Structure formats: structure tokens, C-alpha cells
There are 2 protein chains.
Amino acid sequence: MNNEMVIRITRYYRILNRLRSLGLEKVFAHNLADAAGVSAAIVRKDFSLLSIYGQKRGGYEIPELMTKLGSILGKTDKLEHVIIVGCGRIGRALMHYTGFEQDGIKVVAGFDSDPSIYNDPNHPVPVYPTSRIEDVVKESDTKVAIVTVPETATADTFQRLLSAGIQGVLNFSPITLKPIKKADGTQVIVHNVNIALELEQIFYELQSPNILQQ
Amino acid sequence: MNNEMVIRITRYYRILNRLRSLGLEKVFAHNLADAAGVSAAIVRKDFSLLSIYGQKRGGYEIPELMTKLGSILGKTDKLEHVIIVGCGRIGRALMHYTGFEQDGIKVVAGFDSDPSIYNDPNHPVPVYPTSRIEDVVKESDTKVAIVTVPETATADTFQRLLSAGIQGVLNFSPITLKPIKKADGTQVIVHNVNIALELEQIFYELQSPNILQQ
DNA sequence: CCATTAATGTGAATAATGATACAATAATCG
DNA sequence: CGATTATTGTATCATTATTCACATTAATGG
């Protein structure tokens, strides 16, 4: 299963979750396609490749589909743990974000190098000095970190996270981090989210003549 | 020039900007490749397709390269305007973000439906009630909006932005917005950034056996 | 000034992706 | 119960993106 497909499957899963909570029991490929912003053919193809079959002319049963997709995505009942490194405005906004829970994600702690931030008791999750990353990560069994530190601190932060045993990073800094193969042969997963870059792309697409969007 | 390539070119441009500010004058394809997280072959291919040529064994001259890439990306001296719709924690964090300016982006206003937010004078940019989107957009000549409203308000907000004449949207809500062809034939550009989805993907990749990342 | 090295530039091969078309099947309706 | 319609499932095709391989050029060093 390739990367694009993981994104689509995750999207399908979230959409199904919402449809189910509206009381729906069945769904057609083209419904999912519309909601996920892809073609119906690709939805059917995805399911076909995953050996998921619906009923001819009857679509797919939502609960069954969710079970299968969930098992492919490795969904469990327990919440996945993440830490947030860098408790500036963006980091703190994410700490307060209540939407993670419905997607099975829990922010277990924040970290910052500034004492006025980690000594401030008014955070929705515990905030520690960055020196404590390693022990909190181990204690809380956390594998994934969100990085919201300033650009200049990004490289150091990444190194620190690697030595603390973090295996996945969602990086919001404008420095592009790269997946690194660790000494033990495992690869660290890195996703970079660059907001200014997204905006620049949008401006480019607006200004450019050929629109081949989605 | 396709989508992926726009992303890469924009990345190259930002990296060059940083290298230049460190005093560098030349750059090799593999340097750019490393910093952008791609292969050197693709950097050379990109430049080749854009008719950008370096010196054999000498690499590329940074100022010249930036001029060319800048003109391809439509970079100008004046700042590109964006508005932020939804001034919750994430919206406000973006309003305070100082990194946009160095990428030629300026947040001209925020909007919220909650009077206690738009009546609060302590924002780094003016914040108005959502009813004023249309006139502020027109007055300030803004084409792009960042959407940071709650999930339930997303669809309405999108409609309102379209009627206000917005042409590009960066959507942070978990509802996937789709590019819509408007009555006048132009297409609205939409980019969706879904933080929970990114995390879910990371968890999937960690759990899945085959690592084919980047 | 020749041999070696380090880079660029690009055609061809390969791989990945998505679209198309249509057969297969089930439901519906007269 | 036959005709029609709606939908799935997939084989094939077309396109795009990426890597590979290597010719080309320039610099370096003995």
C-alpha cells in the first residue's frame, strides 16, 4: 500500500465515522469519492486491492467497511500518544485542540526550553523543560512528536527527539526534516507541514495559467 | 509545470534564500536535493525542464537561480494578502506568526462570528465580524483565505468566501474542501491541511511493515 | 598537457498512478 | 419474468514521474 493510498484510506475511515454517526448504514463508492475528493473508480480500485468487496448495486456496509479499514490502518481502542515540542502559540493551540480525541490521538505532554512557559501551570497538559523529553517519552510510551519550535531550534530538537527514541515526527517548522535511518536499521517517519509553503503554492496556482488541480 | 514540481521549486527558492543569507554564492544540485529532501537527479531534471542551466562542474549561481525561479513562481516585491477566517487558538496563532513576512505573505485581517473575539482590541491584525468578509476582501484586494473555523462551520464559511470573491483557500478544518468551478469558469484553488490525518498517517507508517518513505 | 575527478544535462528505461471501459451482478419496475 | 438501471470489480490503457546511465564539460593536479 503506497503513501497516497494510506491518505485516502484514512480519509475514507474518517468519513465513514461521520456518516455512521448520522445513522447511515450503507455507502456507495461515489459517496466516499465525493467526500474524499477523489474519483469513484479510485475508491473501488483501492478496495479491490485491499480485497474489500461490497454488494453489486448495494454498495458497502459501513460497520463492516470500518472494521476492515480500521484493521488495515491498525486502529485500536486505545489512544495513540503524542508529545508537542515547542509551546509557542502554535504548540499551545494544538495542546488545546479537542478534535484529536475523536481520531484516537492524545497529547500526553508539552516541552519548552523557556522556564516562564514550563513553570506556568495553566496548560491543558503537563509541560516540561526540554531536558526531560527522554524520560517522559519512555515513561509514557510515546512514539510520535509534533515539532513546533522556531526554525533555528529545529535541527537540535530533531536530534534530541531521535536520541529520546521518538520514531515519528510531524514538523511544522519551515526547515524540511528528512527521514533518517537509525543505527538499529529502523527508519524515522517524518512529515513536514509548511504553512507558508502551502500559501505560496496557492498563490502560484492562482497566478499560473494552467489549472490542473485535483 | 505540475503540482509536485511547484512544491519543489518553491522549496528550492526558500532554501536558496537561506543559503544566500549565509553568504553562499553557488550551490550544487545535490546540496539543494539534500535540503529539499529529493534526489539530485530530480533537481537537475527540474532545472532542465525549466531551461535553467548551471556551469558544468561549477554548480549554479544562487542570485541568478533565485531570479529565474522567482520569476517562474511569480514572486514580486509586494506582499501577498491573506485573511484568516476563524480566530480560535489556531487562527490567532497564525495571526501572530512572524515568519510569513519573509516569504512575502501578509495577514491583512481576521474574522470571527463571536463578538467577544472581534470586539477584543488585542489582536496583531484587525479582526471583524464574518459579515464583513466581502467588503474587507474587496477593499484590501485579497484573494486567499486561511480557514480555521470549527468543523461544523466549514461548509458555510467556504460558501461565504466564494461569494466574497476569494480564489484560494487553505483549509485547516478536518472537512475536506474541494476545488469548485465558479460560474465565470475560474477554479477556486483549495489546499487542505489536516493535522490529525497527518498524525494518523505517521502512526500507520510506524505500524506497517514496509517502509517506502520518500 | 594529459589523466582524473566532479559536476551538469538529458535520452531512455522503469515504475507508479490514474482514467477508461466494460463485464458481472443485483435490484427494480412495468 | 424480461427489460432496464445502478452499482461493483477489474483488465487495459494512457499518462506522468522518477530513476538510471552516460555523454559532456570544466576544473584540478601531477
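Does residue A:66 fit the bill of being open to solvent by less than 80 Å² (accessible area, probe 1.4 Å) and within 12 Å of DNA strand C (Cβ to nearest atom)?
On the way: open to solvent by less than 80 Å² (accessible area, probe 1.4 Å): yes; within 12 Å of DNA strand C (Cβ to nearest atom): no.
No: the conditions fail for residue A:66.
How many residues does the range B:24-50 contain that are out of contact with any Phe, Trp or Tyr (no Cβ under 7 Å at 6 or more places or on another chain) and open to solvent by 50 Å² or more (accessible area, probe 1.4 Å)?
Final tally of qualifying residues: 13.
If you scan the range A:76-96, which residues turn out to be free of Cβ contacts under 8 Å to residues at least 40 places away in the same chain and either more than 7 Å from every other protein chain (Cβ to nearest Cβ) or open to solvent by 10 Å² or more (accessible area, probe 1.4 Å) (or both)?
Initially, the range A:76-96 is screened for residues free of Cβ contacts under 8 Å to residues at least 40 places away in the same chain, giving A:76-79, A:89, A:92-93, A:95-96.
Passing the criteria: A:76, A:77, A:78, A:79, A:89, A:92, A:95, A:96.
Search the range A:35-59 for residues being of a type in the set (S, T, N, Q) and farther than 17 Å from residue A:73 by Cβ, and hand back the single one that is nearest to DNA strand D (Cβ to nearest atom).
Of everything passing the filter in the range A:35-59, A:48 is nearest to DNA strand D (Cβ to nearest atom).
How many of the residues making up the range B:51-61 are more than 7 Å from DNA strand C (Cβ to nearest atom) and surrounded by 18 or more Cβ atoms within 10 Å (Cβ to Cβ)?
0
Which of the residues belonging to the range A:1-34 are more than 13 Å from DNA strand D (Cβ to nearest atom), away from chain B (no Cβ under 14 Å) and either under 24 Å from residue B:199 (Cβ atoms) or in a helix (DSSP H, G or I) (or both)?
A:20
When the residues of the range B:183-199 are narrowed to those that are more than 7 Å from every other protein chain (Cβ to nearest Cβ) and at pLDDT below 90, which ends up surrounded by the most Cβ atoms within 10 Å (Cβ to Cβ)?
Among those that are more than 7 Å from every other protein chain (Cβ to nearest Cβ) and at pLDDT below 90, it is B:186.
Which numbered condition trips up residue B:104, out of (1) under 24 Å from residue A:205 (Cα atoms); (2) within 16 Å of DNA strand D (Cβ to nearest atom); (3) touching a strand residue (DSSP E or B) at 6+ places or on another chain (Cβ under 7 Å)?
Here residue B:104 clears every test but (2).
(1) surrounded by 14 or more Cβ atoms within 10 Å (Cβ to Cβ); (2) aliphatic (A, V, I, L, M); (3) assigned to a helix (DSSP H, G or I): which one isn't true of residue A:155, the others all being true?
It fails just one condition, (1).
Would you point out which residue out of A:117, A:180, A:202 is more than 20 Å from residue A:79 (Cβ to Cβ), among the hydrophobic types (A, V, I, L, M, F, W, C), within 11 Å of another protein chain (Cβ to nearest Cβ) and surrounded by fewer than 21 Cβ atoms within 10 Å (Cβ to Cβ)?
A:180
Out of the range B:35-56, which residues are of a type outside the set (Gly, Ala, Ser) and assigned to a loop (DSSP other than H, G, I, E, B)? Walk me through how you get there before you give the answer.
Keep residues of the range B:35-56 that are of a type outside the set (Gly, Ala, Ser), which gives B:38, B:42-47, B:49-50, B:52-53, B:55-56.
B:38, B:50, B:52, B:53, B:56 - these are the residues of the range B:35-56 that are of a type outside the set (Gly, Ala, Ser) and assigned to a loop (DSSP other than H, G, I, E, B).
Hey, could you check the range A:158-170 for residues that are within 12 Å of chain B (Cβ to nearest Cβ) and crowded, with 22+ Cβ neighbours inside 10 Å and say which is farthest from residue B:36 (Cα to Cα)?
It comes out as A:166.
Looking only at the range A:97-114, which residues are under 25 Å from residue A:75 (Cβ atoms), open to solvent by 60 Å² or more (accessible area, probe 1.4 Å) and not in a strand (DSSP E or B)? Don't jump to the end; show me each part of the working.
To start, the set of residues in the range A:97-114 that are under 25 Å from residue A:75 (Cβ atoms) comprises A:97-109.
In the following step, the residues that additionally are open to solvent by 60 Å² or more (accessible area, probe 1.4 Å) were identified as A:97-98, A:101-102, A:106.
Of everything in the range A:97-114, those that are under 25 Å from residue A:75 (Cβ atoms), open to solvent by 60 Å² or more (accessible area, probe 1.4 Å) and not in a strand (DSSP E or B) turn out to be A:97, A:98, A:101, A:102.
Considering each residue of the range A:138-152, count those that are open to solvent by 30 Å² or more (accessible area, probe 1.4 Å) and in a loop (DSSP other than H, G, I, E, B), and give that number.
Selection size over the range A:138-152: 3.
The values are calculated or read from the model by the stated rules, or taken from the named source; none is laboratory data. Quick caveat: nothing in here was measured; it's all calculated off a predicted structure. When we count neighbours, we look across all protein chains shown, and the Cβ atoms used for this are built from the backbone with ideal geometry, even at glycine. In case anyone asks, the SASA skips ligands and DNA or RNA and just uses the protein heavy atoms, side chains included. Shrake-Rupley method; radii C 1.70, N 1.55, O 1.52, S 1.80 Å.
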